[in-house]
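I have a structure I would like to understand better, so I am pasting it below and will then ask my questions one at a time.
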Amino acid sequence: MALNDQGPVMDVTPWPKGHGFAGSDAWWQYMLSKDERRRLDNLMGVALLDEEIRDRLVDQRDNTLMDAFGLSTETQGWLRTIQANSLVELAQAIVSAPQAEYSR
């Protein structure tokens with residue numbers, strides 16, 4: 001007896017004249033958020049290794065630093081709202097936040 005997969009199937013390639021699958025916006029937002037999370041993870045990793053970067057991120061919330069890592073303006077704004085006095089506190093806030101906070 002063969003098993004039939006009844007899960008959803010999506011075609012993620014763009015279609016001419018804007019036609020495509022339902023939910024394409026959700027799919028592309030998900031893909032963009034994965035990339036944003038990777039950039040944020042890279043910034044946090046460098047901050048672990050470099051005290052100057054850590055200070056610029058935690059204490060100053062330096063725009064030029066966040067720009068250098070390619071973070072969106074929405075993610076940068078969200079990072080500035082987090083109340084954290086250390087890299088550990090900032091990391092805990094990032095990990096516990098819903099994905100929507102850093103994926104706009």
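Tell me the label-point distance for the pair residue 81, residue 41, using the 7 Å Cα-to-Cβ offset, in nm and rounded to one decimal.
Result for the modelled spin labels: 2.4 nm.
Estimate the FRET efficiency between residue 49 and residue 97 by the formula 1/(1 + (r/R0)^6), using the beta-carbon distance for r and 25 Å for R0, to the nearest 0.05.
So, using R0 = 25 Å, E works out to roughly 0.60.
Where a number appears in this text, it was derived from the coordinates with a stated rule and is not lab data. For clarity, every value in this text was computed on a predicted model and none was experimentally measured. Note that we place each Cβ from the backbone using ideal geometry, even for glycine, and neighbour counts take in every protein chain shown.
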